Amino acid sequence: MRRFRMNRATFRRLGCAAMAAVMLSVTACSGQTAETAAVSTEAASAEETPEEITIDASESSGEQDYSSVYENAEDGGHAILADGEKASYKDSKVVKTGEAEGDEADFYGENAAVFATNGATLDLDNMDITTNGTHANAVFSYGEGTTVNIKDSVIETAGNCSGGLMTTGGGTMNATGLTIHTTGNSSAAIRSDRGGGTVNVTDGTYTTDGVGSPVIYSTADITVSDAELTSTASQGVVVEGKNSVTLNEVKLTADNNKKNGNHSDYYQAVMIYQSMSGDADEGTAAFTTDGGSITNKNGDVFFVNNTRAVITLAGTDIVNEGDGVFLRAAAAGWGQEGSNGGHVDLHTENQHIDGDMVVDSVSSLNFYISDDSSYTGAINSAGADGQVYVELEDGAKWTLTADSYITSLTCGEDAIDLNGHKLVVGDKEYTEGTASTGEAIVVEIQSSGQGGPDGKGGQPPQGGKPGDGQGRPDGKGGRPPQGGKPGNGQGMQPPQGGQGEPPQGNPPEGAPNGQPPQGNPPEGAPEGNPPEMPAESEAAQ
């Protein structure tokens with residue numbers, strides 16, 4: 001026996017005769033169970049709490065049968081909601097339409113097809129999830145203590161700002177064996193936003209077609225293993241701020257061929273940056289690969305700007321089919337002019353790198369080539385510019401393809417093949433066959449504070465959602481609000497809490513009390529109101 005479910009309001013509307021028709025359709029129409037069993041929640045009474053009924057039905061012979069169908073068409077609503085509980089769904093189809101705008105959807109889960117919050121644990125198995133609406137993320141994990149586990153499922157999103165997997169506010173997302181395809185702009189397949197969290201993805205295929213839609217957009221700690229990632233218009237991976245992406249035996253193909261703004265003149269497979277929007281803490285970003293491959297179809301392989309980054313490459317087959325460089329550390333349209341360069345520590349392990357590197361005057365590079373690695377290319381071939389240190393362990397090799405200009409060098413006698421070109425270290429030309437000892441570049445990075453020409457910089461906004469009373473000065477946007485969105489009446493479970501009572505008593509010393517600070521701001525602090533947040537699409541150019 002195969003089972004399918006519908007809510008009680010729908011059941012009353014169908015009546016006995018309609019139910020007989022549905023049963024006939026299930027047994028007679030191969031592969032049509034989802035279409036005949038699902039009724040839009042627009043037809044359900046808003047006052048009634050959805051209650052699940054289980055009905056036995058004969059098993060269909062279609063390619064894919066779903067025992068349950070959950071559908072929601074209300075703006076801001078959810079088809080499935082897990083609020084502070086343990087819940088599981090299996091062999092189910094989810095259809096979400098409806099619209100939302102901005103922060104409520106991007107940060108707090110409004111309008112997501114499947115939404116887990118307030119410390120819920122939600123298990124999803126063999127799900128088919130589709131969304132078609134603006135800001136209609138497919139599966140959303142919000143808040144510390146919230147965990148979503150999803151496996152062997154298919155996700156498709158068609159609207160703009162509609163990611164496949166979305167994690168914010170310190171939530172956790174664990175995914176295995178998924179097929180995700182997004183076609184809208186600003187719709188990363190694996191996506192995070194304000195407050196980040198932890199994301200673990202294993203196996204599956206993840207594809208994006210929209211502008212400003214990298215396969216991975218990270219303001220979290222994201223690890224992907226044994227998967228295939230493909231972008232057809234945008235970067236393959238974007239890491240913002242003090243966050244990370246780790247790729248283990250991953251096949252990444254990136255074709256960044258469409259601009260999403262005027263922040264940068266370059267296309268790239270992997271971009272690491274800081275937008276100064278408040279969505280990601282300032283600090284050192286990390287990008288790590290172990291095995292697998294990166295194929296870049298257009299422009300540069302790596303672009304680092306307005307942040308510090310540690311890039312570690314271990315045994316990864318990297319092919320640049322574009323006309324750009326391997327690594328570009330340079331200023332772009334984020335941050336404060338003069339201090340918005342890229343500062344990179346590049347480490348290799350059993351790695352061959354082929355391609356030039358460019359480090360501009362406000363950027364720096366420490367390049368560590370391990371004993372089992374090699375580099376073929378030129379660094380700053382146009383002349384001395386940013387600070388560059390190169391260190392080759394015994395057994396490592398650098399073969400020049402053009403004149404190169406660096407600041408400092410550590411190498412053995414046989415480490416460098418000039419290949420007919422000139423290597424200038426500091427103000428002296430290097431002599432092939434000689435050893436050298438140098439020092440790494442140490443850069444003190446100051447906050448870009450007031451932002452850059454994109455108009456999205458400035459101090460992160462204080463506090464979280466209006467009325468949560470829990471604002472924090474660390475740029476995390478306040479404590480996650482407790483409870484679901486009051487009165488939405490959507491989803492398979494009603495939200496608990498969410499209306500709350502105002503805090504009682506006086507705030508502790510030093511806590512925000514809703515009054516503006518007294519006195520003048522400290523020297524150098526930006527003035528004015530907190531900035532509006534950029535859409536994710538602005539981050540990917």
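FYI, it's all coordinate maths here, none of it is from the lab. Because the structure is a prediction, the values reported are computed rather than measured. Cβ placement follows ideal geometry from the backbone for every residue including glycine, while neighbour counts extend to all protein chains displayed.
Structural remarks
- For the stretch 111-183: rounded, prolate or oblate by the Cα gyration tensor [a/c cutoff 1.5]: oblate
- Applied to the stretch 423-436, the Karplus parametrisation 6.51 cos²θ - 1.76 cosθ + 1.60 on θ = phi - 60° returns per-residue 3J(HN,Hα) values of 10, 10, 10, x, 10, 10, 7, 6, 9, 4, x, 10, 7, 8 Hz, with x for Gly and Pro.
- Centre separation in Å (Cα based) which lies between the stretch 268-284 and the stretch 113-144: 25
- Here the relative contact order of the stretch 235-429, from alpha carbon pairs under 8 Å that lie six or more residues apart, stands at 14 percent.
- Unsatisfied cross-links (Cα-Cα over 32 Å) in the set Lys90/Lys297; Lys397/Lys428; Lys151/Lys297; Lys242/Lys297: Lys90/Lys297
- Sequence of Leu81, Leu365 once ranked by neighbouring C-beta atoms within 10 Å, starting from the fewest: Leu365, Leu81
- Counting only DSSP beta bridges whose two residues both lie in the stretch 235-429, roughly 5 percent are antiparallel.
- Scalar couplings 3J(HN,Hα) for the stretch 134-139, obtained by applying the Karplus form with A = 6.51, B = -1.76, C = 1.60 to θ = phi - 60°, are 6, 6, 10, 5, 7, 10 Hz; x denotes Gly and Pro.
- Here the calculated FRET efficiency for Glu101 and Glu144, from their Cβ-Cβ distance with R0 = 30 Å, stands at 0.75, rounded to the nearest 0.05.
- Residue order, fewest to most beta carbons within 10 Å, for Arg191, Arg328: Arg328, Arg191
- Projection of the Cα convex hull of the stretch 217-305, averaged over all directions and equal to a quarter of that hull's surface, yields 5.3 nm².
- Shown here for the stretch 320-427: GluC sites (Glu not before Pro) in loop regions (DSSP other than H, G, I, E, B) with at most 15 other Cβ atoms within 10 Å, namely Glu321, Glu337, Glu413.
- Here the Karplus curve 6.51 cos²θ - 1.76 cosθ + 1.60, taken at θ = phi - 60°, turns the phi angles of the stretch 379-396 into couplings of 10, 6, 5, 7, x, 4, 8, x, 7, 9, 10, 10, 10, 10, 6, 4, x, 7 Hz, with x standing for Gly and Pro.
- The amide H of Gly163, built 1.01 Å from its N in the peptide plane, has Asn137, Ala138 as neighbours under 5 Å, considering only residues 5 or more places off or on other chains.
- Residues whose placed amide H lies under 5 Å from that of Thr176, excluding near-sequence neighbours: Ile150, Lys151, Asp152, Thr202
- Among the chymotrypsin sites (Phe, Trp or Tyr not before Pro) in the stretch 212-289, none is located in a DSSP loop while being surrounded by at most 11 other Cβ atoms within 10 Å of its own Cβ.
- Spin-label proximity, Ser339 to the stretch 289-322 - amide N less than 15 Å from point 7 Å beyond Cα toward beta carbon: 306-308
- Counting every other Cβ atom within 10 Å of each residue's Cβ, Thr176, Thr168 order from fewest to most as Thr176, Thr168.
- Full-stretch length increase - Val319, Asn350 - with 0.36 nm per residue and alpha-carbon distance subtracted: 9.6 nm
- Net length gained if the chain between Asp371 and Asp427 were fully extended (0.36 nm per residue, minus Cα distance): 17.4 nm
- Panel note: the C-alpha atoms of the stretch 388-448, placed on their principal axes, show extents of 41, 23, 18 Å (largest first).
- Built amide H within the under 5 Å cut-off of Lys93, gap 5+: Ser68, Val69, Tyr70, Asp128
- For the stretch 118-255: rounded, prolate or oblate by the Cα gyration tensor [a/c cutoff 1.5]: rounded
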